[in-house]
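Right, one structure below, let's go through it.
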Amino acid sequence: MSELEIKSLSKAFGGVHAVRDVSFAVGKGEFLAMIGPNGAGKSTCFNMINGQLRPDSGEILFEGRNLAGLHSRDVWRLGVGRTFQVAAVFGSMTVVENVQMALISHSHGIYKFWPAAASQHRERALELLAQVGMREAADRPSRELAYGDIKRIELAIALANDPRLLLMDEPTAGMAPRERNNLIALVKKLVVERGISVLFTEHSMDVVFAFADRIVVLARGHLIADGNAAEIRDNPQVREVYFGTGKTFAGQAS
């Protein structure tokens, strides 16, 4: 059974067709990678699923409900988590306060006057930080942390609404090879334990082929391939449009 079904999704900006008639599904508990060269339409597709962009046509079915046109806040509250290519947290707040903010928002709480809200959901926030290996840094100012640790905080925040679907836009961008493999291994461990479905974009092919259950490939707004790592690696059209002639997937991390 599918957690997410994308049906004939399209989006144009003026005369530029960023996404054209794209259809695919994400199964329950599946770790699905979306790859493609720059300009393939990956971020546009993500932003439509997440509610940041309204599609021109098509359906975005999450557990049977069409999300097309919903505000991103409403999509999040329905159980769709999201991390971004460039991680960002509130540097003036501590690590745990950043996670508390997400928990308060999910519970429809009020955080206008932060001193009164500082104790809300603290224990749950600490549990989430422990799961991503950041419990010991809970009371440190977020601005003091390394970028890899910020990515872990962002993951804890993304899990704060108990998502059944997690969207991750280039989760390892800006990270060294060892860091990115450690982060994706952690993500996969957590989502397998929770039964969360994941759709992620990624430029690092070592991450994609090591961790994805299945891969879909976009090029110039079209879906051109859908299969496991071996099928995608051996697909001549993918080789041609994604890397150009004469190149292979081995070692590609652009």
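The values are calculated or read from the model by the stated rules, or taken from the named source; none is laboratory data. Computed from a predicted model, the values in this text were never measured in an experiment. Virtual Cβ from ideal backbone geometry, glycine too; neighbours counted across all protein chains shown.
Here Q120 fulfils each of the conditions (1) under 26 Å from K28 (Cβ atoms); (2) at pLDDT below 95; (3) in contact with a Gly (Cβ under 7 Å, 6 or more places away or on another chain) apart from (1). Here A68 does not qualify as over 20 Å from S197 (Cβ atoms) and either touching a Ser or Thr at 6+ places or on another chain (Cβ under 8 Å) or of a type in the set (A, V, I, L, M, F, W, C) (or both).
Do you know which residues across segment 1-12 are at pLDDT 95 or above and not acidic (D, E)? Steps first, answer last, please.
Filtering segment 1-12 down to residues at pLDDT 95 or above leaves 3-12.
If the condition is that a residue be at pLDDT 95 or above and not acidic (D, E), then L4, I6, K7, S8, L9, S10, K11, A12 are the ones that fit.
Screening F24, F46, F13, F31 for residues that are touching a Phe, Trp or Tyr at 6+ places or on another chain (Cβ under 7 Å) and among the aromatic types (F, W, Y) leaves exactly one candidate, F31. Quick one: A12 ticks every box in (1) in a loop (DSSP other than H, G, I, E, B); (2) in contact with an Asp or Glu (Cβ under 9 Å, 6 or more places away or on another chain) except a single one, so which number is it? Tallying (1) in a loop (DSSP other than H, G, I, E, B); (2) in contact with an Asp or Glu (Cβ under 9 Å, 6 or more places away or on another chain), A12 fails exactly one: (1). Of the helices (runs of 4 or more DSSP H) lying entirely inside segment 23-109, those carrying at least 1 residues that are among the aromatic types (F, W, Y) are 42-50, 72-77. The residue of segment 139-148 that is surrounded by the most Cβ atoms within 10 Å (Cβ to Cβ), among those that are in contact with a helix residue (DSSP H, G or I) (Cβ under 7 Å, 6 or more places away or on another chain) and outside any loop (DSSP other than H, G, I, E, B), is S142. Restricting segment 226-246 to residues that are under 17 Å from G27 (Cα atoms) and not polar (S, T, N, Q), which is modelled with the lowest pLDDT? Per the criteria, the residue is A229.
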